[in-house]
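The block underneath contains the structure these notes are about, expressed in structure tokens.
The values are calculated or read from the model by the stated rules, or taken from the named source; none is laboratory data. What you see is a predicted model, and the numbers here were worked out from it, not measured in a lab. Positions of Cβ are backbone-derived with ideal geometry, glycine not excepted, and every protein chain shown enters the neighbour counts.
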Amino acid sequence: MREITVAEAIREALTEEMERNPEVFVFGEDVGAFGGCFGVTTGLYDKFPDRVIDTMIAETGILGIACGAAYSGMKPVPEIMFSDFFSVCFDYLFNQSSKARYMTGMQEGGKNAGFVLRAPNGAGVRAAAQHSQCVEQFMMPVVGLKIAIPSTPADTKGMLKYAIRGNDPVVFLEHKMMYGISGPVPDGDHLVPFASADIKREGTDVTIVATQMMVHKSLAAAETLAKEGINIEVVDPRSLKPLDMKTILASVKKTKHLVLVNEAPKTGNALTEIGLRVVEEAFDYLEAPPVRVCAPDTPIPFSPVLEDAWIRSEADIIEGVRKALA
Amino acid sequence: MKLTNNDLIKLYGDMWYIRHFEQRLADLFAEGVLPGFIHLGIGQEACMAGTCFNLGDGDIIGATHREHGVLLCRGVSGDAIMAELYGKVTGTCKGKGGSMHACGLKQGALGNNAILGPAQTIVNGFAYAHKTRKNKKVAVSMFGDGAANRGEFHEGMNFASMWNLPSIYIINNNGYAISVPKSKQQKIDDLSARAAGYGIPGVSIDGNDLIAVIETTGEAIARAREGGGPSLIEFKTYRWRGHFEGDPTPYRTDEEVAEWKKKDPIKRFEKILLERSVATEKDMKGIHDQMLAKVDGHQKFAEDSPWPPMSEMYTDVYYYEEGSDQK
């Protein structure tokens, strides 16, 4: 199978969906001729000059367009330059799009409430505390939103295409350290539905549920532990809302151990929800309490030595596995 | 703009329809029948009726929790609006929105947005869709002087200006943001002056003058339909009631309220109807009574309607939720 990067996968997904539906449009800060802050939309403007639109630095203005155009039946795909900036336009996720269908009679308009908000997520680029966070934990309680959190080029492409064809508001998080990661992506109309957790590595001794960059680190940790005869299963939920608990529960019932690995700080971490659901629904299968491998409860530091230590490493994950097995 | 006698009669009826509807809400709230909060637009009828007069099929207008009247003027069923305010399943939102969210999308009435600010950016999404589809439709956002101090008012107007969108921004300036008077909100007299900062036309007029409201909104809407871009209009008006029902209004004097009641938009319009021999006192009384009877009917409909079934709690959350049986 051909291999492309995550950035290329996003570009392909956007191109294909824009060709498929003339009412899909991409807009945000510097997404036009500049190609986006991380170069993800490079070349898209040349193909669709009227539908790849630079905006002012005005996040509420951007998401306002997304909501109104979605309610009109269009398919907006706004980009917010860093997911950290959701804070300044959170109302559109928290009070507007996610509640529109339920509360304002949007049912009369049926399906018109869907947009796909793309945003780079995560640490590792020496950008300090306001440009490095994983924000999924802030989105978790927002009823009516969907959260995509893919970790590979194939999943990214398939889920983005699937999200654009849906009719619900989606927060589509792209880890910025992943843009350059290559992987096999099927040709053709590749779609990956939400709530379809993927077993990235089969194993029998411990279930690791991980997201985005932590999937890759967990896979590396699993290879190291395999040399000791510890057989890890790595499950990538791929979407956090809706969440495929069936796959996760089946895995935990098999391995009887659960380690949750997410880049964000531990308190209020998005994967805590998965841990508690496992405790509620599969407590009798567990041979040890679930273990969380998450960042310290601090802002993300700038200094490279501090940031590197802040981001959980393969060694931290291995330590978490040993704790679960102890 | 040429208004026919039939237009004038319809507009007169619209204003009474709004006032009776709102007065009924006040009474029902006082009796403890209506749950939640109620914000009334009595005194601001001309702003609503006059603006809606210029809107047609496919045009969109979104307003605030004070503009049930906009829904009525757009042709949303009064039965369904009243039922929504009761929390009944026959309401515009199946009883799940209430007074602050009642709407009628089919009639181009986006309904209310109970968070001040976002409606002034969301209007541009509708306007962008209109522009993309080249349908010559417009999107109107009607809001208060309070919302005009939110950042989103400014981001929204700049977007509308730069993208040359058919967005019309209308401020119903009733003098108070809840309890805070305009003298404590901004240094300028006319909020329409802010349009200059975005390079778009801005005008402030007497919002209790129905004919002026129709002419001003008509001009802005016609310009937007022809690709001329957005406008900002400020209506100077006044709310007779408090911010919400139950508000003791310690921030204003009885004299001030009495002064504004002399500028009653309905009474002023009656003079015009009489002067132009469009209607007699008797005709006007007939319209007044007819609208009151309509509101009686809405109340009865709402009272007779069932509550939402418990299953309604779980519908409309997602269009499609993977891994669940919901749709």
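Remark: B:E45 falls outside the filter, which requires a residue to be over 25 Å from B:L210 (Cα atoms), at pLDDT 95 or above and of a type in the set (D, E). Filtered by the rule that a residue be out of contact with any Phe, Trp or Tyr (no Cβ under 6 Å at 6 or more places or on another chain), of a type in the set (S, T, Y) and at pLDDT 95 or above, the stretch A:49-71 gives a lone residue, A:T60. Residues considered: B:G69, B:G36, B:G75. Of these, the only one that is free of Cβ contacts under 8 Å to residues at least 60 places away in the same chain and at positive phi is B:G75.
Here A:P78 passes the criteria (1) at pLDDT below 95; (2) touching a Gly at 6+ places or on another chain (Cβ under 8 Å); (3) of a type outside the set (D, E) except the one numbered (1).
In the stretch B:50-88, of all residues being within 12 Å of chain A (Cβ to nearest Cβ) and surrounded by fewer than 22 Cβ atoms within 10 Å (Cβ to Cβ), the one that is nearest to B:P265 (Cα to Cα) corresponds to B:S77.
Among the residues of this structure, A:L191 counts as one that is surrounded by fewer than 19 Cβ atoms within 10 Å (Cβ to Cβ), part of a loop (DSSP other than H, G, I, E, B) and within 14 Å of chain B (Cβ to nearest Cβ). Residue-level check: of (1) part of a loop (DSSP other than H, G, I, E, B); (2) touching a Ser or Thr at 6+ places or on another chain (Cβ under 9 Å); (3) within 14 Å of chain A (Cβ to nearest Cβ); (4) modelled with pLDDT of 95 or more, B:L34 misses just (3). A single member of A:D187, A:D155, A:D205 is in contact (Cβ under 8 Å) with a residue 12 or more places away in the chain and under 25 Å from B:Y318 (Cα atoms), and it is A:D155. Can you spot a residue in the stretch B:231-240 that is modelled with pLDDT of 95 or more and either in a helix (DSSP H, G or I) or aliphatic (A, V, I, L, M) (or both)? Yes, there is a match, as at least one residue in the stretch B:231-240 is modelled with pLDDT of 95 or more and either in a helix (DSSP H, G or I) or aliphatic (A, V, I, L, M) (or both). Return yes or no: is A:K99 in the same structural domain as A:V170 (by TED's automatic domain parsing), modelled with pLDDT under 95, within 22 Å of the chain's Cα centre (by Cα) and under 27 Å from B:Y319 (Cα atoms)? When the stated conditions are applied, A:K99 passes them.
Within the option set A:A129, A:A119, being touching a residue at least 40 places away in the same chain (Cβ under 8 Å), farther than 24 Å from B:H154 by Cβ and not in a helix (DSSP H, G or I) holds for one residue only, A:A129. Residue-level check: of (1) in contact with a strand residue (DSSP E or B) (Cβ under 8 Å, 6 or more places away or on another chain); (2) within 14 Å of another protein chain (Cβ to nearest Cβ), B:K96 misses just (1). Entry remark, the stretch B:138-195: residues being more than 14 Å from chain A (Cβ to nearest Cβ), in a loop (DSSP other than H, G, I, E, B) and either on the phi > 0 side of the Ramachandran plot or of a type outside the set (A, V, I, L, M, F, W, C) (or both) number 11 in total. With respect to the conditions (1) in contact with a helix residue (DSSP H, G or I) (Cβ under 8 Å, 6 or more places away or on another chain); (2) facing chain B (nearest Cβ under 8 Å), A:K47 falls short on a single one, namely (2). For the stretch A:117-124, state whether one or more residues are under 20 Å from B:N124 (Cβ atoms), touching a Pro at 6+ places or on another chain (Cβ under 6 Å), at pLDDT below 95 and more than 7 Å from every other protein chain (Cβ to nearest Cβ). Taking every residue of the stretch A:117-124 in turn, none turns out to be under 20 Å from B:N124 (Cβ atoms), touching a Pro at 6+ places or on another chain (Cβ under 6 Å), at pLDDT below 95 and more than 7 Å from every other protein chain (Cβ to nearest Cβ). Return yes when B:V123 is more than 7 Å from chain A (Cβ to nearest Cβ), β-branched (V, I, T) and surrounded by 24 or more Cβ atoms within 10 Å (Cβ to Cβ) and no when it is not. Spelling it out, it is not the case that B:V123 is more than 7 Å from chain A (Cβ to nearest Cβ), β-branched (V, I, T) and surrounded by 24 or more Cβ atoms within 10 Å (Cβ to Cβ).
Filtering the stretch A:96-104 for residues that are buried (at least 24 other Cβ atoms within 10 Å of the Cβ), in contact with a His (Cβ under 8 Å, 6 or more places away or on another chain) and on the phi > 0 side of the Ramachandran plot leaves an empty set. Scanning the stretch A:300-326 for residues being in a helix (DSSP H, G or I) and either within 27 Å of A:G229 (Cα to Cα) or of a type in the set (D, E) (or both) gives a total of 14. In the condition set (1) in contact with a Phe, Trp or Tyr (Cβ under 6 Å, 6 or more places away or on another chain); (2) surrounded by fewer than 24 Cβ atoms within 10 Å (Cβ to Cβ); (3) within 27 Å of B:R225 (Cβ to Cβ), B:N5 is compliant with all but (1).
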